[in-house]
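The values are calculated or read from the model by the stated rules, or taken from the named source; none is laboratory data. What you see is a predicted model, and the numbers here were worked out from it, not measured in a lab. A quick note on method: Cβ atoms are made from the backbone with ideal geometry, for glycine too, and the neighbour counts reach across all protein chains shown. For accessibility, only protein heavy atoms count, side chains too; no ligands or nucleic acids. Shrake-Rupley method; radii C 1.70, N 1.55, O 1.52, S 1.80 Å.
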Amino acid sequence: TRARSRMIQNSTPIVYSARLSPGKHRVSRCTKRNTGTPPRHLITVQSPMPHFKSIAFLAKPPVSHGHTLIIPKYHSRTLTDPGLPDEFLADVGPIMKKIAVMNGEDSYNIIQNNGRTAGQSVDHVHFHVVTKPVNQPNQGLVLTPESWPSYPTTDPEYAHDAAQMKQIGRSHGFPGVSA
């Protein structure tokens, strides 16, 4: 089936070396290895799923120590294009939590970008676990009021946004979307 052909096969371990070229925002090398020994930057954690649906590895280059990528084995450019099946997201959350604990920092960000204007630079759904060391404020994701601005809104605007989101959810047949 089409879904099966888009899935990264489980028979051969796939290891992505996410090496970004300086000044470029694309993966410059993707390596497929079957050595029997996992590479040192591949991080294995127990998945709640009977079969691993995602892999995790250290990012190269990192934005902070322990910067880890978690990648579902099903290929989808974004969460919705063409659409990542829910079963491939089922182990992402528990893996994120374990990676965050393993990084040993109390502060960290979970980042997932969809589309170029949102900052996505690699055309495969992936999640970042980025530590935010207290003693290194310029490492990791740097959020300031200028880089993360909010804007004033009114109650009618909130109501409009909520109604629009509910309508779209119902039109997609999402269960449990309130009227």
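Here are the numbers for this structure:
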| item | result |
| --- | --- |
| Residue list for segment 104-123, filter: in contact (Cβ under 8 Å) with a residue 24 or more places away in the chain, part of a strand (DSSP E or B) and open to solvent by 50 Å² or more (accessible area, probe 1.4 Å) | Y108 |
| Single residue of segment 134-158 satisfying the filter (surrounded by fewer than 10 Cβ atoms within 10 Å (Cβ to Cβ) and hydroxyl-bearing (S, T, Y)) that is farthest from L79 (Cα to Cα) | T154 |
| Residue tally, condition open to solvent by less than 30 Å² (accessible area, probe 1.4 Å) and not in a loop (DSSP other than H, G, I, E, B), over segment 124-133 | 4 |
